1. Which ones in segment 81-120 are surrounded by fewer than 22 Cβ atoms within 10 Å (Cβ to Cβ) and among the aromatic types (Phe, Trp, Tyr)?
2. Among the listed residues Val444, Val459, which satisfies the condition of being outside the structural domain of Ser45 (by TED's automatic domain parsing), touching a His at 6+ places or on another chain (Cβ under 9 Å), hydrophobic (A, V, I, L, M, F, W, C) and touching a residue at least 12 places away in the same chain (Cβ under 8 Å)?
3. Return yes when Ile364 is out of contact with any Phe, Trp or Tyr (no Cβ under 7 Å at 6 or more places or on another chain), modelled with pLDDT of 90 or more and closer than 16 Å to Leu384 by Cα and no when it is not.
4. Of the numbered conditions (1) more than 28 Å from Trp140 (Cα to Cα); (2) surrounded by 21 or more Cβ atoms within 10 Å (Cβ to Cβ); (3) touching a Leu at 6+ places or on another chain (Cβ under 7 Å), Val444 satisfies every one except a single condition; which is it?
5. Just to be sure, is Glu123 under 19 Å from Trp47 (Cα atoms) and either surrounded by fewer than 24 Cβ atoms within 10 Å (Cβ to Cβ) or not small (Gly, Ala, Ser) (or both)?
6. What residue, among those in segment 466-502 that are buried (at least 18 other Cβ atoms within 10 Å of the Cβ) and touching a Pro at 6+ places or on another chain (Cβ under 9 Å), is nearest to Arg425 (Cα to Cα)?
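The values are calculated or read from the model by the stated rules, or taken from the named source; none is laboratory data. Since the model is a prediction, treat every value here as computed from it, not as a measurement. Quick reminder, even Gly has a Cβ in these numbers, built from the backbone with ideal geometry, and neighbours come from all protein chains shown.
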Amino acid sequence: MSLPSVTGKAGEITGDYSLTGIPIELYPIVLLAAALRLFRLESESYWLDEAFSVTTVLSNTPYELLVSVPGNDPHPPFYYLLLSGWTAIFGTGELATRSLSAFAGIATVTVLYGVGRRLFDREVGAIAALLVAVSPFHVWYSQEVRMYSLLGLLTVLSFYWFVRIQTERPADDTGVQAEIGYIIATVLLGYTHVFGLFVILAQNAYVFSRYLVRIVPRSRLTVRRWIAIEGITALLLAPWLVRLFRRTVAAHGGETSNVGWIPLPTAETVREMFAAYLGGYLFSESFPLLVSLVVAGCLVLALSSDRPTTTETDRQDDPVNAVYVVVLWFIVPILVPIALSHVVTPIFVDRYSIGASLAFFLLIAKGVRTFSRPALRYIVVGVLLVCLVVPLPAYYQNDQKEQWREAAADIESSVDGDDIILVSRPFTERTFSYYFDHSDVPTVRIDTNATTDEVRGPVDGHDDVWIVLSYTDSSTNQQILRAMKNHPDYRGPVQVKRYNGITVIRFERTSNEG
């Protein structure tokens with residue numbers, strides 16, 4: 001975005017740098033990204049997936065995280081290994097563990113600026129970085145103890161080095177550094193999330209389409225050099241690729257999958273994905289039409305414009321068709337997994353496409369840059385910023401995650417050793433137990449299809465019965481409550497307390513006889 005104090009002709013940002021050599025426009029953008037990602041970082045308790053991340057690294061050695069855990073978890077091990085080392089240094093509190101994702105999110109904004117600048121110019125890099133800095137979608141996953149923020153960072157790092165190896169000679173020191181940087185970033189990307197493989201696929205689609213698509217210019221990256229780079233990358237990723245292949249074959253053969261909870265993607269899934277990128281899930285009413293129209297207009301302009309945005313002297317990336325690179329970066333990690341979801345097993349979730357969302361914001365920034373008048377660019381960027389910032393107060397003020405910490409603390413303050421706690425789903429017991437520090441009180445997991453006898457059986461001989469309901473539908477809740485209401489030795493419910501995503505119900509014993 002143009003800055004009046006540092007502009008040249010046509011509103012372009014000129015070569016103004018700070019004393020440290022960092023572009024001056026990057027400072028406020030990174031500070032804003034840091035403020036939004038670190039603000040109230042510890043205010044909410046872990047939700048289900050976050051508690052899984054924390055308890056996984058606490059209950060497994062680094063060797064087990066590398067070898068054993070990937071056999072049961074759908075995700076590769078790099079994030080868990082990194083989180084294990086992080087918690088060993090900084091602890092397992094919400095602030096400590098979430099800060100890893102927060103710093104990854106801040107770094108993503110910084111590297112995206114560099115990619116936008118290399119592919120287009122400083123203004124496109126600044127606009128894209130600014131939009132991602134305030135994006136509720138990216139703020140959300142920068143405040144979560146999961147691998148998605150790291151997935152975004154490694155995706156943009158992989159593309160940064162990918163662009164570098166397109167433009168630098170292999171004989172130069174910088175060319176070798178670019179190759180090493182690409183291999184490291186891409187291997188770590190593949191070991192972070194399976195969707196990282198679709199990023200690699202997008203890069204290969206660009207390189208090999210030069211023979212099919214005339215808009216791809218001749219670059220300094222030869223096919224032989226690229227095959228060698230990808231061969232090393234594939235060799236380093238081979239242990240995970242073999243395991244992933246076996247898992248895919250098993251899923252296609254009808255075996256139970258650990259991603260069985262993912263629904264089959266539809267057109268509505270894609271619409272919700274775009275809305276999520278722009279913070280639509282935080283709007284209390286329908287998603288604003290204005291931001292949809294502005295974004296659609298920017299995307300059309302980005303795809304249709306072939307006007308250069310930098311001078312020939314400043315362009316370091318002539319051998320690269322920048323828009324084509326970003327388009328493949330955007331569509332391949334979305335369309336391919338959607339297609340695989342219909343052929344093999346559903347695997348597409350909007351948060352898995354966080355790497356592709358960075359290309360989405362780059363295309364928007366490129367579209368904004370096509371406006372010839374700086375004042376018009378200011379207006380469009382202002383509208384986009386307002387639409388992205390509007391949902392943030394609701395995000396910070398309202399609880400977005402389940403209140404396991406609060407629910408466990410309230411039960412803990414009233415329970416005694418003769419009571420029992422029933423948790424409505426087996427997988428929620430791990431999260432509840434993480435916060436519940438009362439080892440003499442038994443906690444029993446109840447399946448959703450449990451019979452009346454299976455619900456009543458564990459409570460015999462106990463005083464109060466505490467039922468924790470979460471991730472269950474109303475019929476399951478009624479079935480569990482009916483079993484206790486009709487129990488001759490208990491009355492209630494005598495207490496019902498609701499938290500965000502959780503309901504706690506207490507039944508009281510009416511007889512002291514066994």
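1. Result: Trp86, Phe90, Phe103.
2. The unique qualifying residue is Val459.
3. yes
4. (2)
5. It is false that Glu123 is under 19 Å from Trp47 (Cα atoms) and either surrounded by fewer than 24 Cβ atoms within 10 Å (Cβ to Cβ) or not small (Gly, Ala, Ser) (or both).
6. Only one residue fits best here, namely Ile467.
Residues checked against (1) outside the structural domain of Val54 (by TED's automatic domain parsing); (2) more than 15 Å from Thr56 (Cα to Cα); (3) under 18 Å from the mean Cα position of the chain (by Cα):
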{"position": "Pro77", "(1), (2), (3)": "no, no, yes"}
{"position": "Leu83", "(1), (2), (3)": "no, no, yes"}
{"position": "Gly91", "(1), (2), (3)": "no, no, no"}
{"position": "Leu100", "(1), (2), (3)": "no, yes, yes"}
{"position": "Phe103", "(1), (2), (3)": "no, yes, yes"}
{"position": "Ala107", "(1), (2), (3)": "no, yes, yes"}
{"position": "Tyr113", "(1), (2), (3)": "no, yes, no"}
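Yes/no matrix, rows are residues, columns are (1) assigned to a helix (DSSP H, G or I); (2) surrounded by fewer than 12 Cβ atoms within 10 Å (Cβ to Cβ); (3) at pLDDT 95 or above:
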position	(1), (2), (3)
Gly15	no, yes, no
Gly21	no, yes, no
Val30	yes, no, yes
Leu36	yes, no, yes
Glu50	yes, no, yes
Tyr63	yes, yes, no
His75	no, no, no
